[in-house]
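We did not get these values from a lab; they are worked out from the coordinates using the rules stated. None of the values given here were measured: they were computed from a predicted structure. Cβ placement follows ideal geometry from the backbone for every residue including glycine, while neighbour counts extend to all protein chains displayed.
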Amino acid sequence: MRIHAISLAKNEPDVIGSCLDEAARWCDRIYAYDGGSTDGTWERVEEQAGPAVVPWRRKEETFREGLRAEVFAAFRARPRREIGGACSTPTSSTSMTRGTSSPPYRSVTTSSGPRTRSTT
């Protein structure tokens with residue numbers, strides 16, 4: 001199983017780096033969408049581009065629920081070899097924690113070895 005995440009940000013230069021670093025600890029891929037930052041947020045995302053962080057789009061746009069679906073749709077159709085595996089349903093950090101009764105961490109064995117992933 002692979003975990004893919006979507007990061008939506010605008011004008012968050014002080015936290016975007018640590019946010020992507022922490023998410024990369026348990027995500028196989030993070031697709032970053034910048035809502036038109038004017039303070040260097042996008043540049044920080046681009047600096048972190050690599051196997052786990054994909055700077056996807058920078059576009060001046062007000063947040064709306066459909067933004068996650070746009071990112072999901074753009075990568076869902078791509079061949080698995082391009083994105084490193086199947087995409088999961090797009091979620092936000094709040095929807096990931098709602099209604100869960102599992103412990104906060106679980107051990108997962110992947111093709112690259114065991115990992116501990118947060119479930120909260």
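With a cut-off of 9 Å between beta carbons, the residues surrounding PRO13 carry a summed charge of -3, where Lys and Arg count +1 and Asp and Glu -1. Between the alpha-carbon centres of region 53-71 and region 4-51 there is a gap of 12 Å.
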